[in-house]
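Since the structure comes first, as structure tokens, the remarks are kept for the end.
None of the figures in this text is laboratory data; all of them are computed from the coordinates on show. If you're wondering where the values come from, they're calculated on a predicted model, not measured in any experiment. Neighbour counts are summed over all protein chains in view; Cβ atoms, including those assigned to glycine, are modelled from backbone coordinates with ideal geometry.
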Amino acid sequence: MSISIAPISSPGILNPISSASTGNNAALPSGDGAQKAGTDFAKFLSDALGQVNALQTNADKASMQLATGQVQDVSTAMVALEKANLSLSLTVEVRNKVLDAYHQIMNMQM
């Protein structure tokens, strides 16, 4: 008797990070690569924060609908609230790690 376990898939909260292209980057001048990486990171960060904000908005709507009696299923409201809570917690932890890295870099002896 064999039991197969399906892998856990991402619910689509955040878009997966795509791998860097392995194309020829020698054609780019030295400053353009850093500029492009900065804008790509800024866009990724902006999109991720937008998704966290959307989850928070959905959680607010779900809790309001639950409080007013528009939703009979408590589980959908709780799932929306937990998604928002987890995404916000992850965002705060990422911010803390970035700040720790910044402080370590600033404390380095030259």
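Using the count of nearby Cβ atoms within 10 Å as a rough guide to exposure, how do Lys61, Lys97 rank from fewest to most? Walk me through the intermediate numbers first.
Details: Lys61 14, Lys97 10.
Arranged by neighbour count, lowest to highest, Lys61, Lys97 become Lys97, Lys61.
Please report the net charge: other residues with Cβ closer than 14 Å to the Cβ of Ser87, K and R +1, D and E -1. Please list the in-between numbers first.
Details: positive: Lys83, Arg95; negative: Asp47, Asp60, Glu82, Glu93.
Value of the local net charge: -2.
If a/c stays under 1.5 just call it rounded; otherwise compare a/b with b/c (prolate if a/b is bigger, oblate if not). Do that for the range 40-106, with a ≥ b ≥ c from the square roots of the Cα gyration tensor eigenvalues. Spell out each step's value before the answer.
Working: a/c = 4.52, a/b = 2.63, b/c = 1.72.
Verdict is prolate for the range 40-106.
For a footprinting-style exposure proxy, rank Leu55, Leu99 by other Cβ within 10 Å, fewest first. List each step's numbers first, then the result.
Details: Leu55 21, Leu99 10.
If I rank by nearby Cβ atoms, fewest first, I get Leu99, Leu55.
Provide the net charge surrounding Ala59, with neighbours chosen by a C-beta distance below 12 Å and charges set as Lys +1, Arg +1, Asp -1, Glu -1. Spell out each step's value before the answer.
Working: positive: Lys61, Lys83; negative: Asp60, Glu82.
Here the count lands on 0.
Using a Förster distance of 41 angstrom, determine the FRET efficiency expected from the C-beta separation of Met108 and Thr68, and round it to 0.05. Numbers along the way, then the final one.
Numbers: r = 55 Å, r/R0 = 1.33.
Efficiency, rounded to the nearest 0.05: 0.15.
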